Amino acid sequence: MKVLVAEDDNKIRKGLVEILSREGYEVVQAQNGTDALSAFDRERPDFVCLDIMMPGVSGYDVCRQIRSKDHKTPVIFISAKSEEIDKVLGLELGADDYILKPFGVREVVARIRAVTRRCLQTHEPREKNDNFEFGEWKVVGSELRATNEGLTIDLSLREISILRLFSQNPEKVLDRDTIFDNCWGIDHYPNSRTLEQHISKLRKKIEADPKNPRLIQTVHGAGYRCVFGTSITNENSRFLKASCGHL
């Protein structure tokens, strides 16, 4: 999924790009309103994150021009303008959400995922592998969620991509390059700890005991493999439920 980020503050823009890239989005950057409009026409993003106070063409004007030709692509304003009238104007122009600066990473991720769910649920046709099973977990890609005996966890696009790859290759050892090529793209060059961090985070969400993982196992010197041979017991489900409450 492709996101256009238009923000003239270099530090904030890079921060948003890092957050979104980590979640699994392809990010297109623009430093001002003029570049944002060009990038929108050229890249056709799935949704847009807009600063308001940009040189040349403001975020409001960018939103107006986007809405004049596209009524569906979600737009999120991310701005330091905190007056109620600013929020009202942004929403009246057709924005789907309004995030105030300074913002927290969790808030941005939650808002972005909410918009992503709406995008995925309206896309036609949906991917054949939108919904799939991963052990005892039922993964619903369009909702960025997985459920297991009444438990529900939120997942990022990247996490769903990793789980889908494993589910399509049960018992098979997948090396780092295979996982990166399929879940990040062949042009991506992540740092040495990127995959380990994602696997660790996933284990905390889906494993009964993340320190002794049963679903996603490490094959030292080779990569990772998923094992679905043993069901999660009721006792482990209770353990998962208690753990999920602290995530």
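A short reminder: the numbers here are calculations on the coordinates, not readings from a lab. Please read all numbers here as calculations on a predicted model, not as lab measurements. Note that each Cβ is placed from the backbone with ideal geometry, even for glycine, and that neighbours are counted across all protein chains shown.
Express as a percent, rounded to the nearest 5, the fraction of DSSP beta bridges in the chain (both residues included) that run antiparallel.
Percentage antiparallel, nearest 5: 50.
Among 72-80, 97-105, how do they line up from the highest to the lowest mean number of other beta-carbon atoms within 10 Å?
Taking the mean over residues of other Cβ atoms within 10 Å, the ranking is 72-80, 97-105.
Can you give the extra length, in nm with one decimal, that the chain gains between T178 and K11 once fully stretched, where that is 0.36 nm per residue apart less the Cα-Cα distance?
Numbers: separation 167, 0.36 × 167 = 60.12 nm, distance 3.24 nm.
Separation in residues times 0.36 nm, less the Cα-Cα distance, equals 56.9 nm.
So for region 2-122, Kirkwood radius off the Cα pairs, Stokes-Einstein at 25 °C and 0.890 mPa s: how many µm² s⁻¹?
Answer from the Stokes-Einstein relation: 175 µm²/s.
In deg cm²/dmol, rounded to 500, what helix-only [θ] at 222 nm does the chain give when every DSSP H run of at least 4 residues adds -39500 (n - 2.57) and the total is split over its residues?
-13500 deg cm²/dmol
Could you order peptides 54-67, 168-181 by the average number of other Cβ atoms within 10 Å of their residues, highest first?
Ranked by mean Cβ neighbours within 10 Å, highest first: 54-67, 168-181.
Could you state the principal axis extents of the C-alpha atoms in the chain, from the largest down, to the nearest angstrom?
That gives 59, 36, 35 Å along the principal axes, largest extent first.
Within 10 Å, count the other beta carbons around each residue, average over each peptide in 22-33, 203-214, and list them highest first.
The packing order, highest mean first, is 22-33, 203-214.
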